[in-house]
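A.B. asks: Pasting a structure below so you can have a look.
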Amino acid sequence: MDDQLPEECLELALRAQRAALELQGISTAVKNRWLLHAAEGLERGQEGILRANAKDLEQAPAYGLLGSAVERLRLDGKRLGGIAQGLREVAALPDPVGECLGGSVRPNGLTIQKVRVPIGVIFFIYESRPNVTADAAAIAIKSGNAILLRGGKEAHMTSRAIVEVLRESASWAGLPSDALQMVPMLDRRAVGELLKLSKQIDLVIPRGGESLVRRVCAEATMPVLKHFDGNCHVYVDSQADLEQAAQVVVNSKTQRMGVCNAAESLLVHEAVARVFLPKLAQDLSPFGIELRGDGLAMEILPGIAAAGEEDWGREYLGPIMSVKIVSDLDEAIAHINRYGSKHTDAIMTKDIQTARRFTNRVDSAVVIVNASTRFNDGGQFGFGAEIGISTDKLHARGPCGLTELTTYKYVVYGDGQLREG
């Protein structure tokens, strides 16, 4: 290992730590001024950013990127404009820092307040999507945190060009530029070195494949905010509006297949399966979806593949969907809690009691009634940009926006009180 690598990683983290402390005294107005100026800077710098993106695209085949992966990497003027608009939307959101979450006055006169504060330094490791670079920086700094960005090498040139604009705007607006740093070392060992620095880095967020997340969990010496996969279910109840249910299933599965909130598993109540499944199969056929079912599903839809045990818990991220017929709501809930990934699960039903039982008993970050699983998204929830969707239970769960990048502390006001006894 390069003898300089540990020292370089430590210096990077120390700069971020100093910037995080400085950010605590920065006003909302300054942070919003940075966001708006950065948005303009991305638009003004379009030519240079797109030139950098073209270089990444040239290297994409060498990195094994094909099809949808290349498409996610590709930028054009419209997409860059969308990234800039995302910064403006974050600027319009309330600043969570300093919010009083509660308080009380004790009999001895002490006033106790629970106040929202930044986490500190965030180490963010993510896949090769250029918009994620700007989104993560925006919500981290708006919520008062410094951030170390480690994107995939496939988008390195694009991410670097975006970060240069954001850092220039930070200096212009009066923010510490080191609040936003891109990890310059492409060597994967740099990640391991940074994961050792629990005194300087407060939280690490891995956003990528399961192997990346498991590696980070195994090596990190600081808390990890994570999700491993997105095996999302739609359960069609006996009391569902079947036309509406078909539309929701199709949207949940096909609106965008290679994402964590796409539906991978379909559960259908046996009372409606023989009516619902042939119609659904017809609706899914234009999208080339392969259905893999249990015995009854195969009887209803002759010719579909048999689902094995591994199919029930699998995140396909493509044109495959498992289908299971269940006898009642309890069986559906038990199946989801056994095989699901605690990400997003939906029920289609017109019965409010059934819906409440489902939402109460399904152990997932987001539970949806009569709508697409694709709505589990920070933007769709009104959070602005998100830094990921957490399937953890502590400290944040579901789409992670501004408030999820904060913690709290207690502030106590007195007037000379002394403790006795």
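A.B. asks: Any idea how many residues of the stretch 266-288 are buried (at least 20 other Cβ atoms within 10 Å of the Cβ) and free of Cβ contacts under 8 Å to residues at least 40 places away in the same chain?
C.D. replies: Residues that pass the stated criteria total 2.
A.B. asks: Name the residue, out of ILE162, ILE122, ILE112, that is under 27 Å from GLU22 (Cα atoms), modelled with pLDDT of 95 or more and under 18 Å from the mean Cα position of the chain (by Cα).
C.D. replies: Numbers: ILE162 fails: under 18 Å from the mean Cα position of the chain (by Cα); ILE112 fails: under 18 Å from the mean Cα position of the chain (by Cα).
None of the other options fit; the residue is ILE122.
A.B. asks: Related question: Given the conditions (1) surrounded by 14 or more Cβ atoms within 10 Å (Cβ to Cβ); (2) over 30 Å from ARG419 (Cβ atoms), report the number of the one that GLY103 does not fulfil.
C.D. replies: For GLY103, the failing item is (2).
A.B. asks: When only residues in the stretch 184-214 that are aliphatic (A, V, I, L, M) and surrounded by fewer than 20 Cβ atoms within 10 Å (Cβ to Cβ) count, which is modelled with the lowest pLDDT? First the steps, then the outcome.
C.D. replies: First, the residues of the stretch 184-214 that are aliphatic (A, V, I, L, M): 185-186, 190-191, 194-195, 197, 201, 203-205, 212-213.
With the extra rule that they be surrounded by fewer than 20 Cβ atoms within 10 Å (Cβ to Cβ), the set shrinks to 185-186, 190, 212-213.
Details: MET185: 90, LEU186: 85, ALA190: 95, LEU212: 89, VAL213: 91.
Residue satisfying both the conditions and the ranking: LEU186.
A.B. asks: A follow-up question, please. So, in the stretch 317-338, how many residues would count as being surrounded by fewer than 20 Cβ atoms within 10 Å (Cβ to Cβ) and of a type outside the set (Val, Ile, Thr)? Lay out the reasoning, then the answer.
C.D. replies: Taking the stretch 317-338 first, the residues surrounded by fewer than 20 Cβ atoms within 10 Å (Cβ to Cβ) are 317-320, 327-328, 330-331, 334-335, 337-338.
Still in the running and of a type outside the set (Val, Ile, Thr): 317-319, 327-328, 330-331, 334-335, 337-338.
Qualifying residue count, the stretch 317-338: 11.
A.B. asks: While we're looking at this one, here's another question. What's the total number of residues in the stretch 191-204 that are under 23 Å from the mean Cα position of the chain (by Cα) and either part of a helix (DSSP H, G or I) or of a type in the set (Asp, Glu) (or both)?
C.D. replies: First, the residues of the stretch 191-204 that are under 23 Å from the mean Cα position of the chain (by Cα): 191-192, 194-195, 198, 201-204.
This time we only want the ones that are either part of a helix (DSSP H, G or I) or of a type in the set (Asp, Glu) (or both), so: 191-192, 194, 202.
Number satisfying all stated conditions: 4.
A.B. asks: Here's a follow-up. Read through the list (1) basic (Lys, Arg); (2) part of a loop (DSSP other than H, G, I, E, B); (3) more than 25 Å from ASN337 (Cβ to Cβ), then give the number of the only condition that ARG215 fails.
C.D. replies: All conditions are met except number (2).
A.B. asks: Oh, and also: Would the stretch 68-76 turn up any residue that is closer than 23 Å to ALA39 by Cβ and surrounded by fewer than 18 Cβ atoms within 10 Å (Cβ to Cβ)?
C.D. replies: Restricting attention to the stretch 68-76, the residues satisfying the condition of being closer than 23 Å to ALA39 by Cβ are 72-76.
Then drop every residue that is not surrounded by fewer than 18 Cβ atoms within 10 Å (Cβ to Cβ), which leaves 74, 76.
There is at least one residue in the stretch 68-76 that is closer than 23 Å to ALA39 by Cβ and surrounded by fewer than 18 Cβ atoms within 10 Å (Cβ to Cβ).
A.B. asks: Restricting the search to the stretch 81-124, which residues are touching an Asp or Glu at 6+ places or on another chain (Cβ under 7 Å) and over 29 Å from MET222 (Cα atoms)?
C.D. replies: GLY81, ALA84, GLY86, GLY109
A.B. asks: For the stretch 339-348, what are the residues that are in contact with a helix residue (DSSP H, G or I) (Cβ under 7 Å, 6 or more places away or on another chain) and crowded, with 24+ Cβ neighbours inside 10 Å? I'd like the intermediate steps shown before the answer.
C.D. replies: From the stretch 339-348, those in contact with a helix residue (DSSP H, G or I) (Cβ under 7 Å, 6 or more places away or on another chain) are 339, 344-348; that's our starting set.
Scanning the stretch 339-348 gives THR344, ASP345, ALA346, ILE347, MET348.
A.B. asks: Confirm whether ILE125 is surrounded by 22 or more Cβ atoms within 10 Å (Cβ to Cβ), of a type in the set (Val, Ile, Thr) and in contact with a Ser or Thr (Cβ under 9 Å, 6 or more places away or on another chain).
C.D. replies: On the way: surrounded by 22 or more Cβ atoms within 10 Å (Cβ to Cβ): yes; of a type in the set (Val, Ile, Thr): yes; in contact with a Ser or Thr (Cβ under 9 Å, 6 or more places away or on another chain): no.
Here the answer is no, as ILE125 does not meet what is asked.
The values are calculated or read from the model by the stated rules, or taken from the named source; none is laboratory data. The structure presented is a predicted model; accordingly, all values stated were derived computationally and were not measured. Glycine gets a Cβ as well: all are built from the backbone with ideal geometry, and neighbour counts include every protein chain shown.
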